[in-house]
Amino acid sequence: MALPRIKFLTQLLAVTLAAACIGALAHASPEQDRATFIALYHDKFPAAALEDYVNGALMLSADARAQFDSIMEFPPFQGDIDQGRTLWETPFRNGKTFASCYANGGRNIAGNYPYYDSGNDRVVTFEMDINRCLRDNGEAQYKFSDKATMGILTAYARTLSDGMRVDVRVAGTGAIAKYEQGKKLYFTRIGQYNFACASCHMVNAGKILRTEILSPTVGQTTHWPVFRGGDNLNTLHMRYRRCMEQMRASPFPAGSEELNNLEYFQSYLSNGLPMRASVYRK
Amino acid sequence: MHPGPSLGLFIFAAAMANCLPVLAEPDRVPKGARLAQDVAKGNCLACHAMPTDAKAVTSANIGPPLISIRARFPEREQLRRQLWDAGLTNPDTVMPPFGKHQILTTEEIDLIVDYLYTL
C-alpha cells in the first residue's frame, strides 16, 4: 500500500473549499466531514436535491434515471427478494425467526447500521448481526459473499427499513477510531494505478470514466444489495472489492474489518438520507 | 570542396529523425495507438478523449482532451515525464504513474508518445 495521503486531502480542501474557510478534514469531526462533503458536492451539482443522492450516478443522467424507474416498476429481481422473505420468515429449528432477534421485528433498523460495539471494540454491520442471530439460535452462519443466503436475506430484510432515514452514530473515542480508519482508507492511494476512493468519488464525482458517470460518496450506502443488469446480486462489499480491483489493488475480503470501517465512515456521510433496498444498477 | 550543403542536409535529417521517429519506423504510431487504447495497457480513453482519432471512442472527461500535443508539449521529454509520473507535475493528479508503477515499460511509453504527437 502507498503511504496515507492525509496531506492530499488537506491540499484538496484548500483548493476546492478555499473560500469556505473549512479546516482540514484530517482533524474534523464526523459531522464536519459530512458537512464538507455535502458542500463540495453541492458546488458540483447545485441543482440536485440531497435526497436524490441515494440514486448515485443516476441523479446526473435523466436518461439512465428514466430507464431505472421503468425497471423498478417490475423489478426483474423480485423473485430473489421473495426468496429472501421466505428465508426471513422460515422458523429456525427452535421455532423462532429472524424477527425475534431485532427490535420492532426488524422494521426500521437498517439505517442504524453499521454501529460501534464498545464491548468488542469493533464495528458491527447488518450482515454481522444476521449471523449473530443465527448463532444465538443454534443455526449455521452464512458466508458474507454467499448470494443465495446472506445476499437474498439482506436484500429482503433491508426492505423492511425502506424510507427510514440513515442514522449512524459515531460517538466516543473507540467509535471515532474506527471511523477514522475507514476515512483513512478512503483517502489513501492504493494499488498500481495509485487511486484513492476519493480520486473517483470525491474529486471526480459527476465526471465520466470512459462511459460511467462517477457517483458521489454521499448516498452510496443506502440501497444494498444492488442487482446489476437486473439479476446479478452484488453486496456493498462486493462493490468495494470491485472498485479496488479497478484500482489494481488487492481487495480486502468481504466482511473484513477494513471494509467494515470503510462502510462505517461512508454510511455516516449518508446520515439523514432515506434507505431504499434493493435497486437496479447497470 | 565546400562541405556546406551535404552537412546541412545531414543535420536536417538527423533533426527530423530525432523529432519524428515516425518517419524512421512507420509502424510505431499504430503500435502506440494500440497501447494507448488497450484497456490493460495505457487505458487512456478511461479518462481522455482523443477527438482527432476516429478510432478512439469514449465519453471520458476526467482529463483534458488529447489534441494539439505538439503545441502543448514542444519538449518530448516533458511528455514522457507526464506519462512516466504525472505526480511530478501535480502531486494531486489522478492520472496513474504509468512508468513509475510499471504499468507501461519505457519502450511502451515512447511508442505512445510517438502516437500522441500525431493527435
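The values are calculated or read from the model by the stated rules, or taken from the named source; none is laboratory data. The structure presented is a predicted model; accordingly, all values stated were derived computationally and were not measured. Cβ atoms come from the backbone with ideal geometry, glycine included; neighbour counts cover every protein chain shown. Remember, those area values only see protein heavy atoms, side chains included, never the ligands or the DNA or RNA. Shrake-Rupley method; radii C 1.70, N 1.55, O 1.52, S 1.80 Å.
Taking the Cα-to-Cβ direction at A:SER256 and at A:THR173 and moving 7 Å from each Cα, how far apart do the two end points lie in nm?
It is 2.8 nm.
With a 10 Å radius around each residue's Cβ, average the other Cβ atoms per peptide and rank B:105-112, B:66-73, highest first. Each step should come with its number before you reach the end.
Values: B:105-112: 18.1, B:66-73: 14.1.
Ranked from most to least packed, the peptides come out as B:105-112, B:66-73.
Taking each pair of distinct Cα atoms in region A:142-236 once, what is the resulting Kirkwood hydrodynamic radius in Å?
After inverting the mean inverse Cα-Cα distance, the result is 15.9 Å.
Short version: which residues of region A:196-226 lose at least 50 Å² of accessible area, all chains versus chain alone, 1.4 Å probe?
A:ILE208, A:ARG210
Using Cα pairs closer than 8 Å and at least 6 residues apart in sequence, work out the relative contact order for region A:124-282, in percent.
34
How high is the relative contact order of chain A, in percent, counting Cα pairs under 8 Å that sit 6 or more residues apart? Let's see the in-between values first.
Details: 461 pairs, mean separation 73.5, N = 282.
Once divided by the residue count of chain A, the mean separation gives 26 percent.
Rank these residues by their accessible area, most exposed first, probe 1.4 Å: A:GLU51, B:GLU75.
In descending accessible area the options line up as B:GLU75, A:GLU51.
Could you tell me the largest-minus-smallest coordinate of the C-alpha atoms of chain A on each of the three principal axes, in descending order and whole angstroms?
60, 46, 34
What is region B:26-116 by shape, rounded, prolate or oblate, if you read a ≥ b ≥ c off the alpha carbon gyration tensor as root eigenvalues and call it rounded for a/c under 1.5, prolate for a/b larger than b/c, and oblate otherwise?
Taking the square roots of the gyration eigenvalues as a ≥ b ≥ c, region B:26-116 is rounded.
Within 10 Å of each Cβ in peptide B:82-91, how many partner chain Cβ atoms are there on average? Round it to a whole number, please.
Per-residue shielding by partner chains comes out at 1.
Apply the Karplus curve 6.51 cos²θ - 1.76 cosθ + 1.60, θ = phi - 60°, to the phi angles in region A:159-166 and return the couplings in whole Hz, x for Gly and Pro.
For region A:159-166, the Karplus curve yields 5, 5, 10, 3, x, 5, 7, 4 Hz.
Taking beta carbons within 10 Å but only from partner chains, what does the mean come to for residues A:115-125?
Taking all residues of A:115-125 together, the mean is 0.
Apply the a/c threshold of 1.5 to the C-alpha gyration tensor of region A:197-282 and tell me whether it is rounded, prolate or oblate.
It is rounded, given that a/c, with a ≥ b ≥ c, falls under 1.5.
Do me a favour and compute the ellipsoid semi-axes for region A:78-161 from its Cα gyration tensor, root of five times each eigenvalue, largest one first, whole Å.
19, 15, 13
Rounded, prolate or oblate: which one fits region A:35-178, using the alpha carbon gyration tensor with axes a ≥ b ≥ c (rounded when a/c is under 1.5, else prolate when a/b beats b/c, else oblate)?
Details: a/c = 2.66, a/b = 1.30, b/c = 2.05.
Oblate, because a/c is 1.5 or more while a/b does not exceed b/c.
May I ask you to give the solvent-accessible area per residue for chain A, in square angstrom, as obtained with a 1.4 angstrom probe? All intermediate terms of the calculation are to be shown ahead of the outcome.
Working: 12530 Å² over 282 residues.
Accessible surface, normalised per residue, equals 44 Å².
Keeping all protein chains in the complex and leaving out DNA, RNA and ligands, what accessible area do you get for A:CYS200 with a 1.4 Å probe, in Å² to the nearest 10?
30
I'd like the interface area for chains B and A: accessible area of each alone minus the complex, both sides summed, 1.4 Å probe, protein heavy atoms only. What is it in Å² to the nearest 100?
1700
Per-residue ellipticity at 222 nm for chain A, helices alone: DSSP H runs ≥ 4 residues times -39500 (n - 2.57), over residue total, nearest 500 deg cm²/dmol? The partial results should precede the final answer.
Working: 9 runs with 106 residues, N = 282.
When only DSSP H runs of four or more count, the value is -11500 deg cm²/dmol.
What order do you get for A:127-138, A:256-267 when each peptide is scored by the mean count of other beta carbon atoms within 10 Å, highest first?
By packing density, highest mean first, the sequence is A:256-267, A:127-138.
Taking all protein chains as present, what is the carbon and sulfur share of the accessible area of the protein assembly as shown, in % to the nearest whole number, probe 1.4 Å?
Answer for the protein assembly as shown is 57 percent, counting heavy atoms of protein chains only.
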